[in-house]
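The values are calculated or read from the model by the stated rules, or taken from the named source; none is laboratory data. In this text, all values refer to a predicted model and were calculated from it rather than measured experimentally. Here the Cβ is made from the backbone with ideal geometry for all residues, glycine too, and neighbour counts use every protein chain on show.
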Amino acid sequence: MEIKKLKNLFYDLTAHLAVTGVMSALLFFYTADTRLILLCVLGGILIDIDHLFDYFLCFGIRFNLKKFLCGEFVKSGRVYLFFHSWELLPLILICGLYFNLNWEAAALSLGMLGHLIIDSSFQKTIKPYFLSYRAWHRFKADEILPCMKNKKRLLKNGDDGGCR
Ligand SMILES: [Zn+2]
């Protein structure tokens, strides 16, 4: 695995752990409810489980950790990442209101909010994290991900664009 990819992965995980840790600590301070903390962690860290869906679509059921961590499933040319969607936040909150699970919905949304802010700041754009935007582009990675757009442009000049 390239050093640059490892560094990016390390920064990404560290940022997610730090932000989710702070949010979980605040939740615990105000509510002392471990269920809410688990939901916040689910939204803040385990949201990345949707990368597995993209991975299995690309490589089938044979799992290779290195390929997964390097994000090589982007080579499929499609990016679905269904849980990485801003649209889910109001939907979860509305469901929370409807089912009278306000705190649970707020905790899950809070974790997801932190995760999406970090991912958006790393990509320097929020657009790829709208499900509607990805659907509009028919989930084509080279139209959705800034690094893939760069890569396409730079490949013409003999550079790989540093895309993860
Ligand atoms: Zn993510």
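Numbers at a glance
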item	result
Selection from region 14-31 of residues that are under 24 Å from Ala105 (Cα atoms), of a type in the set (S, T, N, Q) and within 16 Å of the ligand (Cβ to nearest atom)	Thr20
Among the candidates Asp12, Asp48, Asp54, residue that is within 14 Å of the chain's Cα centre (by Cα), more than 25 Å from Trp136 (Cβ to Cβ) and acidic (Asp, Glu)	Asp12
Tally of residues being more than 19 Å from Asp33 (Cα to Cα) and hydroxyl-bearing (Ser, Thr, Tyr) across region 90-120	2
Qualifying residues in region 107-139 (those that are farther than 15 Å from Ile45 by Cα, free of Cβ contacts under 8 Å to residues at least 24 places away in the same chain and among the small types (Gly, Ala, Ser)) - the one farthest from the ligand (Cβ to nearest atom)	Ala135
Counted residues, region 18-70 - those being among the hydroxyl-bearing types (Ser, Thr, Tyr) and farther than 30 Å from Trp103 by Cα	1
Hits in region 32-78 (condition: assigned to a helix (DSSP H, G or I) and in contact with a His (Cβ under 6 Å, 6 or more places away or on another chain))	Gly44, Ile47
Residues that are surrounded by fewer than 16 Cβ atoms within 10 Å (Cβ to Cβ), touching a helix residue (DSSP H, G or I) at 6+ places or on another chain (Cβ under 9 Å) and part of a loop (DSSP other than H, G, I, E, B), drawn from region 85-100	Glu87, Phe99
Near pairs, Cβ below 6 angstrom, 6+ apart or cross-chain, from region 63-89 (small (Gly, Ala, Ser)) to any residue that is surrounded by 13 or more Cβ atoms within 10 Å (Cβ to Cβ)	Gly71/Arg164; Ser76/Cys58; Gly77/Ala141; Ser85/Leu131
Test: residue in region 25-40 that is β-branched (Val, Ile, Thr) and touching a Ser or Thr at 6+ places or on another chain (Cβ under 6 Å)	yes
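Yes/no matrix, rows are residues, columns are (1) within 25 Å of Arg134 (Cα to Cα); (2) more than 13 Å from the ligand (Cβ to nearest atom); (3) surrounded by 14 or more Cβ atoms within 10 Å (Cβ to Cβ):
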residue: Lys5; (1), (2), (3): yes, yes, yes
residue: Asp12; (1), (2), (3): yes, no, yes
residue: Asp33; (1), (2), (3): no, yes, yes
residue: Leu39; (1), (2), (3): no, yes, yes
residue: Ile47; (1), (2), (3): yes, no, yes
residue: Leu52; (1), (2), (3): yes, no, no
residue: Gly60; (1), (2), (3): yes, yes, no
residue: Asn64; (1), (2), (3): no, yes, no
residue: Phe83; (1), (2), (3): yes, no, yes
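Table: residues versus (1) modelled with pLDDT under 95; (2) farther than 20 Å from Gly44 by Cβ.
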| position | (1), (2) |
| --- | --- |
| Cys58 | yes, yes |
| Glu72 | yes, yes |
| Gly77 | yes, yes |
| Phe82 | no, no |
| Ser85 | no, no |
| Pro90 | no, no |
| Ile94 | no, yes |
| Trp103 | no, no |
